[in-house]
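Take a look at the structure below.
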Amino acid sequence: MIESSTYEGFTAEERAAMKDHAQERKAAARRGSRADKAAEAVRDVLAKIAAMRDSDRIMAERVHAVITANAPVLAPKLWYGMPAYTLDGKVVCFFQSAEKFKARYATLGFSDQAKLDEGTMWPAGFALTEVTAQIEAEIAALVKRAVS
């Protein structure tokens, strides 16, 4: 149990992510047809990526391109203010900028929906400081496996 004297509540970044999520859900509820929702979701993701600081933006653009090219069944959408990729409405993977939570690296994360199971333990998140051609190939293999 957490003692009340040591618990400080959510950080400002966590509260902002929850606020982003509430706004995303409201925006999705207001959208019209399924095609409109999908197109708007892609625009939202691209706008979020474009608003990132340079190093995060460059990585997010490359990650987005790799995911959409190698796992076209995944639909881009915002998730807690982060670019995410869904299958049947459920998040499979996401990109978290370093800036979002003032971390020293960006993260490519996978949910339990990703089919990355390997034995009794496997990675579900990857730190990114740069996206090279080799890293792009690794991401491509991961997302293909995640949706297989």
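Things worth noting here:
- Pairs, first closer than 18 Å to residue 87 by Cβ and in contact (Cβ under 8 Å) with a residue 24 or more places away in the chain in the stretch 119-148, second of a type in the set (S, T, N, Q) and part of a helix (DSSP H, G or I), C-beta under 6 Å, six or more apart: 140/70; 143/70; 144/70
- Residue 73 being modelled with pLDDT of 95 or more, more than 24 Å from residue 16 (Cβ to Cβ), out of contact with any helix residue (DSSP H, G or I) (no Cβ under 9 Å at 6 or more places or on another chain) and part of a loop (DSSP other than H, G, I, E, B): yes
- Per-region count, the stretch 78-136, residues over 22 Å from residue 25 (Cβ atoms), of a type in the set (S, T, N, Q) and outside any loop (DSSP other than H, G, I, E, B): 2
The values are calculated or read from the model by the stated rules, or taken from the named source; none is laboratory data. Fair warning: this is a prediction, and the values are worked out from it, not measured in the lab. All Cβ positions, even for glycine, are placed from backbone atoms using ideal geometry, and neighbour counts span all protein chains on display.
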